[in-house]
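Colleague: Just dropping this structure here.
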Amino acid sequence: MAAILKHKYMPRTALTEDFALPTTIQQIAQVMGTKGSNLHEVRTAEGDVILVSLPSRFRKLTWVKWGYYVLVEPIAEGKKVKGEIVKVLSKEHIAYLQEEGVWPNSFTEQRKQEEEKQPASDSEDDLWRNPNRPVLTYAESSESDSESSNDEDSSECENCSSEDEEE
């Protein structure tokens, strides 16, 4: 029973709690996309785009999406696949690597450029909208309220159908 628990939970804790620095052969890369069959296209700090594989021991433990940063170790036997993902880096790992001075400057500059492109706004435009609900826009009336006796009878909704008026 202890062997089962050790096998089940040990890799998950090793993935999240290990703050070791990368070795000389390992590289930090950013995931550019998935190619299927647990193959991912990554961009290294030098700007090279290579194909790497996700080992079977991590396939059910981690989730690798576009934009994530990973630690890649090169493999010699691959013609198309040039490396293997050793670790998926979390925000805590990235902060630790930046403190240690190991984080590549090209990724830091790219992150700053992406933040500058996105406008910082607190408006409701950023909120998710349900596409299954109709969008109703109401006409702005610049007339005074004294003439509102006729307006109360008519609908101010521009998107209302004529079916509503027949009923």
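Every number here is computed from the coordinates shown, using simple stated rules; none is lab data. Everything numeric in this text was worked out from a predicted model, so none of it was measured. Positions of Cβ are generated from backbone atoms using ideal geometry, with glycine treated the same way; all protein chains shown enter the neighbour counts.
Colleague: What does the charge count around Ile50 come to, taking other residues whose C-beta lies under 13 Å from its C-beta (Lys +1, Arg +1, Asp -1, Glu -1)?
Modeller: On the way: positive: Lys35, Arg43, Lys79, Lys80, Lys82; negative: Glu41, Glu46, Asp48, Glu73, Glu84.
Once all neighbours under 13 Å are counted, the net charge is 0.
Colleague: Separate question: Any idea how far apart Lys60 and Thr24 come out in nm if each label point goes 7 Å out from Cα toward Cβ?
Modeller: Modelled inter-label distance: 3.8 nm.
Colleague: For region 19-116, how many pairs of lysine residues have a Cα-Cα distance under 16 Å, where the two are 8 or more positions apart or belong to different chains? The partial results should precede the final answer.
Modeller: Numbers: Lys35/Lys65; Lys35/Lys79; Lys35/Lys80; Lys35/Lys82; Lys60/Lys87; Lys65/Lys87; Lys65/Lys91; Lys91/Lys112.
Qualifying lysine pairs in region 19-116: 8.
Colleague: Here's another thing I want to ask about it. Calculate the all-directions average of the projected area of region 19-116's alpha-carbon convex hull, and give it in nm². It would help to have the intermediate numbers written out before the result.
Modeller: Working: hull surface 26.3 nm².
The directionally averaged projection comes out at 6.6 nm².
Colleague: For Pro22, what is the net charge nearby, where nearby means another residue's Cβ is under 13 Å from its Cβ and Lys, Arg count +1, Asp, Glu -1? Show your work: numbers first, answer last.
Modeller: On the way: positive: Lys87; negative: Asp18, Glu73, Glu100.
After counting each charged neighbour, the total is -2.
Colleague: Name the residue from Thr62, Thr44, Ile25 whose Cα lies farthest towards the positive end of the charge dipole of region 19-116, charges +1 on Cβ of Lys and Arg and -1 on Cβ of Asp and Glu.
Modeller: Comparing the listed Cα positions along the dipole, Thr62 ranks first.
Colleague: Testing the spin-label approximation: label points 7 Å from Cα along Cα→Cβ at Gln98 and Leu51. State their distance in nm.
Modeller: 3.3 nm
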